[in-house]
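The values are calculated or read from the model by the stated rules, or taken from the named source; none is laboratory data. Please read all numbers here as calculations on a predicted model, not as lab measurements. With ideal geometry, Cβ positions are generated from the backbone for all residues, glycine too; neighbour counts draw on all protein chains shown.
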Amino acid sequence: MTKRLHDKVAIITGAAQGIGYATARKFLDEGARVILCDISSSAVAAALVSLRATESRSADTAVEGKVVDVTRRDQIDAMVGEVVQAHGRIDILVNNAGITLDARLQKMTDEQFDRVIDVNLKGTYNCARSVIDTMIEKRSGVILNASSVVGIYGNFGQTNYAASKFGVIGFVKTWARELGPKGVRCNAVAPGFIATHILDTIPEKVLEQLTERVPLRRLGTPQDVANVYAFLASDEASYINGAVIEVSGGLTV
């Protein structure tokens, strides 16, 4: 039976840990050729070792790592050029890279605001802008943006993060109109409370309170989000364009 992402070439940013890593693993399981991108060279190396240890196909062709800062357009363009030269195309871009630097509006510094916008919003633009010519040339491609329930409903202390995650939804709504006629689909995923390292500093009592707010009474896993990315990247979602899919256990119901 053919896997749903068989031989698709997928670039995933922020892929060395958390949701990005789970997505890389899921895409590999579904038959994709994965370009795992992250800003940390040591994290990229560790992720490759872990993925290749369980990857049954040739490690050289199944997954490769690239050290990339999504705020640096020159680095992105160089990486995309290498991928196109090696594989001839880019089928999927998952804009997963993102950061948080939280503070109430009165306490937020310009540096905090600018850094989150630069990584989460401008970084998403940079990556999409770099791959889109190749996708249009092939009249085929999928761009997936990482938003958040915060990007739909806002959240206390996250002016910068909410703005960036609202913004990437605006991107997919616009790109769906612009690029749909050219064969490129664009969608966003909006996770809720996901059990990643971002929650490590939150006290257990607070985590319990968060869990109680979710109708399913559990935190999400990176795999829960990766599963949705894999579906949206596949031909099974060929008529889904401009959508925002919540992966929140019903948090916002």
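Among the residues here, ALA162 qualifies as at pLDDT 95 or above and in a helix (DSSP H, G or I). Restricting ILE240, ILE245 to residues that are within 21 Å of PHE27 (Cβ to Cβ), touching a helix residue (DSSP H, G or I) at 6+ places or on another chain (Cβ under 9 Å), assigned to a loop (DSSP other than H, G, I, E, B) and β-branched (Val, Ile, Thr) narrows the list to ILE240. Among the residues making up the range 169-216, those that are more than 21 Å from ILE117 (Cα to Cα), without any contact (Cβ under 8 Å) to a residue 12 or more places away in the chain and part of a helix (DSSP H, G or I) are GLU178, PRO181, GLU204, LYS205, VAL206, GLU208, GLN209, GLU212. Assess whether ILE11 counts as being closer than 15 Å to LEU144 by Cα, of a type in the set (A, V, I, L, M), assigned to a strand (DSSP E or B) and touching a residue at least 24 places away in the same chain (Cβ under 8 Å). The answer is yes for ILE11.
The residues of the range 214-245 that are surrounded by 14 or more Cβ atoms within 10 Å (Cβ to Cβ) and more than 29 Å from THR174 (Cα to Cα), listed by number, are VAL214, LEU219, THR221. The set of residues in the range 84-114 being within 26 Å of THR159 (Cα to Cα) and in contact with a strand residue (DSSP E or B) (Cβ under 8 Å, 6 or more places away or on another chain) consists of VAL94, ASN95, ASN96, ALA97, GLY98, THR100, ASP102, THR109, GLN112.
Before we move on, is VAL168 in contact with a strand residue (DSSP E or B) (Cβ under 6 Å, 6 or more places away or on another chain), buried (at least 19 other Cβ atoms within 10 Å of the Cβ) and not polar (S, T, N, Q)? Answer is yes for this residue.
For every residue, the table says whether it meets (1) closer than 15 Å to ILE11 by Cβ; (2) assigned to a helix (DSSP H, G or I).
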{"position": "GLY31", "(1), (2)": "no, no"}
{"position": "ALA45", "(1), (2)": "no, yes"}
{"position": "ALA53", "(1), (2)": "no, yes"}
{"position": "LYS66", "(1), (2)": "yes, no"}
{"position": "ASP114", "(1), (2)": "no, yes"}
{"position": "ILE117", "(1), (2)": "no, yes"}
{"position": "SER130", "(1), (2)": "yes, yes"}
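Among residues of the range 110-133 that are in contact (Cβ under 8 Å) with a residue 24 or more places away in the chain, those with a Cβ under 6 angstrom from a residue that is of a type in the set (Phe, Trp, Tyr) and in a helix (DSSP H, G or I), sequence gap 6+ or separate chain, pair up as VAL116/TYR161.
Residue count for the range 187-204, restricted to those that are β-branched (Val, Ile, Thr) and either surrounded by 14 or more Cβ atoms within 10 Å (Cβ to Cβ) or under 11 Å from GLU246 (Cα atoms) (or both): 4.
Conditions tested, residue by residue: (1) within 27 Å of LEU219 (Cα to Cα); (2) at pLDDT 95 or above; (3) of a type in the set (Lys, Arg); (4) surrounded by 18 or more Cβ atoms within 10 Å (Cβ to Cβ).
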site	(1), (2), (3), (4)
LYS8	no, yes, yes, yes
ALA16	yes, yes, no, yes
ALA24	yes, yes, no, yes
GLY31	no, yes, no, no
CYS37	yes, yes, no, yes
VAL44	yes, yes, no, yes
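Being more than 25 Å from ALA43 (Cβ to Cβ) and surrounded by 19 or more Cβ atoms within 10 Å (Cβ to Cβ) holds for only one residue in SER248, SER140, and it is SER248.
The condition of being crowded, with 17+ Cβ neighbours inside 10 Å, more than 23 Å from PHE27 (Cα to Cα) and modelled with pLDDT under 95 does not hold for LEU207.
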